[in-house]
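Taken together, the values in this text are just the output of simple stated rules run on the coordinates, not laboratory data. Predicted model only: the values in this text are computed from it and were never measured. For neighbour counting, all protein chains shown are included, and Cβ atoms are generated from backbone atoms with ideal geometry for every residue, glycine included.
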Amino acid sequence: MSIEIRNLNKRFGATVACDHIDLDIPSGELVALLGPSGCGKTTLLRIIAGLEVADSGSVLFHGEDATHTHVRERNVGFVFQHYALFGHMTIFENVAFGLRVRPTRAKPGSGIRSRPSDAEIKRKVMQLLELVQLDWVADRYPHQLSGGQRQRIALARALAVEPKVLLLDEPFGALDAKVRKELRRWLRRLHDEVHVTSVFVTHDQEEAMEVADRIVVLNKGRIEQQGSPDDVYDRPATPFVLQFLGDVNLFHGRLGHSPGGATAHEDVTYVRPHELEVLGEPLKLDDGHAEGTVWPVTFSQALTVGPRTRLEFKRDDGSYVDVELPRARWQSLREQLGLDAGQRAWLRPRHVTRFVAGGEAAVQDDPAAAI
Ligand SMILES: Nc1ncnc2c1ncn2[C@@H]1O[C@H](COP(=O)(O)OP(=O)(O)OP(=O)(O)O)[C@@H](O)[C@H]1O
């Protein structure tokens, strides 16, 4: 089931939660709505669900206008951050719930389906519990499960009614980092098996990059960019997207010294910390080879966390630049250059991103072309 959103607008008083949203979600895709707190992700999800009404615009399910269709008839499944399992019911009954509450004989054409037989419910619930790899907890109660297990059950319960669309609002938000990581990989594998069109809200860029087929980056109720994880990371359309998708060093005005004596570029330039190379001396021009931009800096400190090391350098204008490298690379570099706090070094970007004035279009550059 594809979802199309057309010129959707929603305000809460003076707050604009959805600002002219146009979005196509192809059938079977797993799409992440990504953005900072308050950018309108949940509101957009709730409008797709039918839990919130838009001020204007439309939502189409597979080409059919569903803007005014009641939530019960939209056939969507939900998973929220705070697992809303029923504490007094077993896991089996929790998963069976959506099927048990159906009418014995639904009105034809109402969009509501009839209740399956008890045998059919049993078969289906056990099949779903196997799918989420928790068939062995069928007789337990929610309080006897871990948070991660409860979220897997919440997902099984959402899938039990065979939704055409699955909506997930920060489903792993309340879990600790390690369980989150496990569950997002698990969700990705599950989606590859089930293929139900899914929309996933998160403010965690790593989570979106790892799980989604496509990422929709939202900012202040507007879509900044949408594309594959590689598209938005490698070819950010705006400074907001670039900065939201990971750490970045920002350089205003003149970039500093370029060995060829060419004029440095005046635009704002962005370089990710892992795209900078540390040199012990400024590059010399030899054999007519243009080397591009090199920034003189002073080494400040190194912080190693696990396998990665983050180096902090100070530029002559007083601003700081971060460089990230594998821990082993840092160890060999330290020996090679004898880097100590206060020592001079030079940074060469392997890749820079510039935006023309107004921040409308990105220019992805070979750094040599930036001068
Ligand atoms: N029922 C409401 N009444 C008034 N304002 C609301 C209501 N719901 C949302 N808002 C406002 O609309 C904006 C978008 O909210 P929304 O919950 O969609 O953002 P979000 O991106 O999901 O944020 P978060 O990640 O913090 O959940 C926010 O400024 C919020 O305060």
Listed residues Gly28, Gly13, Gly57; largest mean-square fluctuation, Gaussian network over the chain with Cα springs below 10 Å, found at Gly13
Calculated FRET efficiency, Ser56 and Val268, Cβ-Cβ r, R0 35 Å, to nearest 0.05? 0.50
If each of Arg102 and Glu120 carries a label point 7 Å out from its Cα toward its Cβ, how far apart are those two points in nm? 0.6
Once fully extended, how much extra length lies between Tyr141 and Lys314, figured as 0.36 nm per residue of separation less the alpha-carbon to alpha-carbon distance? 56.7 nm
For a quick check: sort Asp169, Asp22 by the number of other beta carbons within 10 angstrom, fewest at the front. Asp22, Asp169
In nm, to one decimal, how far is the modelled label at Ser37 from the one at Ile112, with both set 7 Å along Cα→Cβ? 3.9
Cα-based Lys pair tally, the range 3-244, threshold under 29 Å, eight or more apart or on separate chains: 16
Tell me, Met126, Met209 in order of fewest to most beta-carbon neighbours within 10 Å? Met126, Met209
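If each residue of separation counts as 0.36 nm, what is the full-extension length gain between His70 and Phe12 once their alpha-carbon separation is subtracted? The partial results should precede the final answer.
Working: separation 58, 0.36 × 58 = 20.88 nm, distance 2.11 nm.
That pair, His70 and Phe12, stretches by 18.8 nm at full extension.
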Between the modelled labels at Asp213 and Arg189 (7 Å from Cα along Cα→Cβ) the distance in nm is 2.0
Using +1 at the C-beta of Lys and Arg and -1 at the C-beta of Asp and Glu, which of Val216, Phe86, Gly63 has the Cα lying farthest in the positive direction of the dipole of the chain? Phe86
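Sorting Phe251, Phe86 on the 10 Å Cβ count, fewest up front, what's the list? Kindly include the intermediate steps, with their values, before the conclusion.
Numbers: Phe251 24, Phe86 12.
Neighbour counts put them in this order, fewest first: Phe86, Phe251.
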Computed about the Cα centre, the charge dipole of the range 15-83 from +1 Lys/Arg and -1 Asp/Glu charges at the Cβ has a magnitude in debye, to the nearest 20, of 320
